Amino acid sequence: MLTLNQLIMKTNFSVLFYLKKPKNHVKGAVPIYLRVTASGKRAEISASRECEPGLWNTKAGHMTGTKEEAKTLNTYLDKMKAEVTASHTLLCVEGMEITAERVKSKYLGKEEKTHTLLEAIKDHNKKMKALVGKDYAPGTLRRFEVLERHVKTFLIYQYQKNDLNVRLIDKEFIGDFDFYLRDEKKNRNNTAVKHLKNLGKIVRICISNQWINIDPFFGYKLKSKEVHRNYLTADELQRIASKKFSTTRLTQVRDFFLFSCYTGLSYADVQKLKPSDIGIGGDGERWIITYRQKTDTRAAIPLLPVAEAILDKYKDHPVCINQDKALPVSSNQKMNEYLLEVATLTDIPKTLGNRIAKRTFATTITLCNGVPIESVSKMLGHTNLRTTQLYAKILDEKVGNDMAPLREMFAGLKTDTEAIQVKAIPNMTDLDVTDQNIKAILQLVQSDATDQQIMAEMMLLKEKLQPAI
């Protein structure tokens with residue numbers, strides 16, 4: 001944090017007493033005013049005293065002379081100047097933006113209401129709690145409640161305070177909180193970054209409310225590290241699907257998990273799914289048409305046979321009939337407990353749950369089978385294609401499949417090289433085939449290009465190579 005002297009030096013500040021002559025003044029005493037200047041802007045404060053112009057020392061801002069009248073007035077003016085200067089110092093300590101009018105208001109006792117960091121977080125969490133189930137998921141609220149606890153313990157640890165004026169939050173505060181999360185709370189990089197981004201939201205609300213004027217996060221870099229995201233392979237999916245469980249409980253949990261794997265729906269979306277959310281699409285097949293709870297975006301998902309069979313299996317279940325549900329899903333906590341058993345019984349060395357189910361849908365079910373990433377993104381309800389690209393980065397198998405046709409082309413060309421030389425095809429030298437074609441394909445593979453764009457470039461190269469093959 002800045003020292004008191006550094007805070008005071010942030011703003012050019014000065015005070016000056018002067019005589020303010022009224023219009024049409026001819027003779028007699030003149031009112032004394034104190035001019036407050038901060039960052040080039042001025043404000044006036046009446047001293048409630050007067051002085052004869054002939055007895056006024058403009059440079060010193062005092063009444064000249066050694067008489068008792070002069071001593072009394074000058075003592076009063078010195079005291080007033082000291083109080084105004086003290087008001088400026090207090091504003092600096094509070095982290096307030098220094099203006100001449102604000103210093104004047106502070107001196108006159110007309111103080112602005114101050115706001116604290118925990119006040120801002122609690123107000124945000126209170127409003128969010130009222131909107132859980134409408135605009136926010138319970139998990140989102142829990143993350144901000146964790147942020148509140150971390151900030152509370154950090155303020156005690158770092159400043160020995162129970163709260164802090166929001167105007168005192170600066171880049172140094174952000175850096176110290178970042179270090180505290182990593183060192184004291186043992187948060188890993190991505191967890192610490194998430195907490196800081198949530199704090200950033202609180203700061204932006206404070207800026208919007210005009211509680212603070214400068215964004216302390218400006219220029220502070222928050223970068224998440226790429227992490228390996230597990231998904232189930234086709235073999236692992238088949239092992240789970242074909243396993244015979246001895247209890248109805250595990251069979252149902254397995255079925256609901258598979259349903260998420262084949263639809264990409266989260267636990268919350270499956271739990272609120274109703275029979276009315278399943279209709280006939282433009283292709284004449286059954287589709288799920290719903291709105292994602294997390295993002296409130298529309299998701300239209302064609303039902304694959306496995307998911308369709310699971311829906312039909314439970315359509316007459318008492319819970320589905322009595323509660324108008326598509327599936328009789330258990331609580332999320334119970335689901336996760338039972339999925340641990342499913343993973344053990346099927347020899348799957350991965351943590352089964354909502355996230356791995358969505359990743360499996362994005363990878364094994366769709367992207368690996370040639371479904372364009374744009375379509376996958378729409379079905380997953382992602383509002384940003386970059387979110388879906390996180391899934392695409394782990395698909396080495398898909399890259400291999402995409403490159404297979406190209407590998408075959410080049411393998412065929414290499415095998416027939418001698419034959420081509422012997423035949424001495426006259427138009428071989430006329431072929432418009434350069435390294436540019438190959439580079440173009442490689443650039444597309446490494447970029448965010450769609451499968452269709454890559455295949456189009458490959459077909460163009462194939463056409464040019466055809467006379468030589």
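Nothing in this text is a laboratory measurement; each read-out follows from the coordinates by a stated rule. From a predicted model like this one, the values you see are computed outputs, not experimental measurements. Note: ideal-geometry Cβ built from the backbone for every residue, glycine included; neighbour counts use all protein chains shown.
At q = 0.17 Å⁻¹ the log10 of I(q)/I(0) for the stretch 140-183 amounts to -0.48, computed by Debye summation with a single uniform scatterer per C-alpha, solvent ignored. With the highest mean first, a sort of the peptides 366-379, 281-294 on other beta-carbon atoms found within 10 angstrom per residue produces 366-379, 281-294.
For residue 132 and residue 344, what is the calculated FRET efficiency with R₀ set at 25 Å and r taken between the beta-carbons, to the nearest 0.05? Please report the intermediate quantities before stating the final value.
Values: r = 34 Å, r/R0 = 1.34.
Step by step, r from the Cβ atoms, then E = 0.15.
One chain, two ends: residue 230 and residue 108. Fully extended at 0.36 nm per residue, the span grows by 37.5 nm beyond their Cα-Cα distance. With N as its number of residues, the stretch 234-392 has a Cα radius of gyration that, divided by 2.2 N^0.38 Å, comes to 1.00.
For the stretch 339-382, the mean projected area of the C-alpha convex hull, equal to one quarter of the hull surface, is 3.4 nm².
Length, then width, then depth: along the principal axes, the Cα atoms of the stretch 117-208 run 36, 28, 20 Å.
Across the stretch 117-208, Cα pairs under 8 Å and at least six residues apart give a relative contact order of 32 percent.
Quick one: grab the alpha carbon gyration tensor of the stretch 28-158, order the square roots of its eigenvalues as a ≥ b ≥ c, and give me rounded if a/c is under 1.5, else prolate or oblate depending on whether a/b is larger than b/c. Mind showing how you got there, number by number?
Numbers: a/c = 5.09, a/b = 3.59, b/c = 1.42.
Prolate shape, in that a/c is at least 1.5 and a/b is the bigger ratio.
Taking 7 Å steps out from each Cα toward its Cβ at residue 86 and residue 208 produces label points 4.0 nm apart.
Each Lys or Arg adds one and each Asp or Glu takes one away; over the other residues whose Cβ falls under 12 Å from the Cβ of residue 60, this sums to +1.
Computed over the Cα atoms of the stretch 160-207, what is the convex hull's projected area averaged over all directions, in nm²? Present the calculation step by step, with values, prior to reporting the outcome.
On the way: hull surface 14.5 nm².
For the stretch 160-207, the mean projected area of the Cα convex hull comes to 3.6 nm².
Each Cα pair under 8 Å and six or more residues apart adds its sequence gap; the mean of these over the residue count of the stretch 4-108 is a relative contact order of 25 percent.
By how many nm would the segment from residue 280 to residue 371 lengthen if fully extended, with 0.36 nm per residue of separation less the alpha-carbon distance?
Numbers: separation 91, 0.36 × 91 = 32.76 nm, distance 2.06 nm.
Between residue 280 and residue 371, full extension yields an extra 30.7 nm.
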